[in-house]
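Just below is one structure, and these are the notes that go with it.
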Amino acid sequence: MENCLFCKIVNGVIPSSKIYEDDEFLVFHDIQPAAPVHAVMIPKKHIASMNEAQGDDFVLIGKLHQVAQTTAEQLGIAETGYRLINNCGPDGGQTVFHLHFHLLGGAKLGALTG
Ligand code: 5GP
Ligand code: ZN
């Protein structure tokens, strides 16, 4: 997708601080961290949001959770705990319309609020 920020990161047009990469996924540090550890986890395939996921996309999303588990281990937050968040749509606070999960940790996170 030409105008998608995260597709540009996947294609190397925009640089990122990579944490993990394989054929299907990319994990990189968020440019504006909301916690001491804040990684953005994406499938390389462009899926605009959870609302557009279909069919085998859900296999990818499942695998992305496995990558979250190993990334948390790699970043040293597995033991202390972490939060995995997907923002969907305007009310969910989604600003980049390429499906992604936030992996947050490294401190005791506040309660979820609406
Ligand atoms: P959303 O609000 O869509 O759930 O999350 C988008 C995230 O992408 C935000 O946390 C934002 O800080 C991050 N972000 C936006 N632009 C860039 C960028 O150019 N590089 C990196 N690494 N993160 C970005
Ligand atoms: Zn994209």
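Some points to look at:
- Residues that are within 14 Å of the chain's Cα centre (by Cα) and more than 14 Å from ligand 2 (Cβ to nearest atom), drawn from the range 94-110: 101, 102, 103, 104, 105
- Among the residues of the range 40-88, not one is within 16 Å of ligand 2 (Cβ to nearest atom) and at positive phi.
- Residues of the range 1-31 that turn out to be farther than 24 Å from residue 58 by Cβ and touching a residue at least 24 places away in the same chain (Cβ under 8 Å), as a count: 1
Residue by residue, here is whether (1) of a type in the set (D, E, K, R); (2) touching a residue at least 40 places away in the same chain (Cβ under 8 Å); (3) surrounded by 13 or more Cβ atoms within 10 Å (Cβ to Cβ) holds:
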| site | (1), (2), (3) |
| --- | --- |
| 41 | no, yes, yes |
| 47 | no, yes, yes |
| 50 | no, yes, yes |
| 53 | no, yes, yes |
| 63 | yes, no, yes |
| 66 | no, no, no |
| 77 | no, yes, yes |
| 86 | no, no, yes |
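- All strands (runs of 3 or more DSSP E) inside the chain with 2 or more residues being within 10 Å of ligand 1 (Cβ to nearest atom): 25-29, 37-43, 101-105
Here, each number is a calculation from the coordinates, and none is a lab measurement. The shown structure was predicted, so the numbers you read here are calculated from the model rather than taken from an experiment. A quick note on method: Cβ atoms are made from the backbone with ideal geometry, for glycine too, and the neighbour counts reach across all protein chains shown.
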